[in-house]
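Asker: Structure incoming, see below.
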Amino acid sequence: MKTRIASTVAVAAAIVLGATGCSLVAPIATATPYGPSDGVNVDAGPVDVRNIMLVADESGDNFNVVFGAVNRSGEPQDLTITFMGSGSQQASADFEVPTGNTLFGDPEGEETPVLVSIDGLEVGATIEAYFQVAGAAEVPYKVPVLDGTLEEYRKYVLPADFTASKSEDSTVGEKITEADEIADQSKIGDDVTDEEAAAGETDSE
């Protein structure tokens, strides 16, 4: 009986080792940190860049820099992302990252989207980028290029004239402000009563 029991145990152990042997020598894929989305995550000093991607505008010539940022430093940080195109071509995007969590690239958000233009860059490709917070070392990473094919990214697809429309809006705002100032100046004295005005005329006589 003892011999039969020992043989059974040995066979069971061999089966267990055969089934689990691969995990003893091969890395477990699910244990490797990764971004659970189409973008990538980059740690640049005190700023954690999350799910960054480039989203092509309607023309396909400009790319919206979309990402979430977590600033852990307790004070605003300047972040520069330099995208390396073919040859010596490159484009830089500068961001002032407030403390806490901030979303960049949303046209309806608090932060105005920043676009970069890189000749020959196509949707579906990846582009080498360098992330640098002032005073920290550069961190290289490849960033994916997407478009509005997937519904969740369509709101980040900006109109081809997005930059121009922003400039025109700011110019109109300045003109309105100037008009308001002129109107305010023309109203000076409008609140003076008829009796006060008559008294002033008497005094002048």
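Asker: By the gyration tensor of its Cα atoms, with a ≥ b ≥ c the square roots of the eigenvalues, what is the shape of the stretch 106-167: rounded for a/c under 1.5, prolate for a/b over b/c, or oblate?
Answerer: Because a/c hits 1.5 or more and a/b fails to exceed b/c, the stretch 106-167 counts as oblate.
Asker: For the stretch 75-156, report the accessible area per residue in Å² (1.4 Å probe, heavy atoms, rounded to an integer).
Answerer: 57
Asker: Count charges around residue 46 for me, please; just the other residues with Cβ under 15 Å from its Cβ, Lys/Arg as +1, Asp/Glu as -1.
Answerer: Taking every Cβ under 15 Å from that of residue 46, the sum is -4.
Asker: Highest first, please rank the peptides 147-153, 38-44 by the mean number of other Cβ atoms sitting within 10 Å of their residues.
Answerer: In descending order of packing, they fall as 38-44, 147-153.
The values are calculated or read from the model by the stated rules, or taken from the named source; none is laboratory data. Just so we're clear, the structure is a prediction, and the values are computed from it rather than from any experiment. Cβ coordinates were reconstructed from backbone atoms using ideal geometry, including for glycine residues, and neighbour counts include every protein chain displayed. Calculation scope for accessible area: heavy atoms of the full protein, side chains included, ligands and nucleic acids excluded. Shrake-Rupley method; radii C 1.70, N 1.55, O 1.52, S 1.80 Å.
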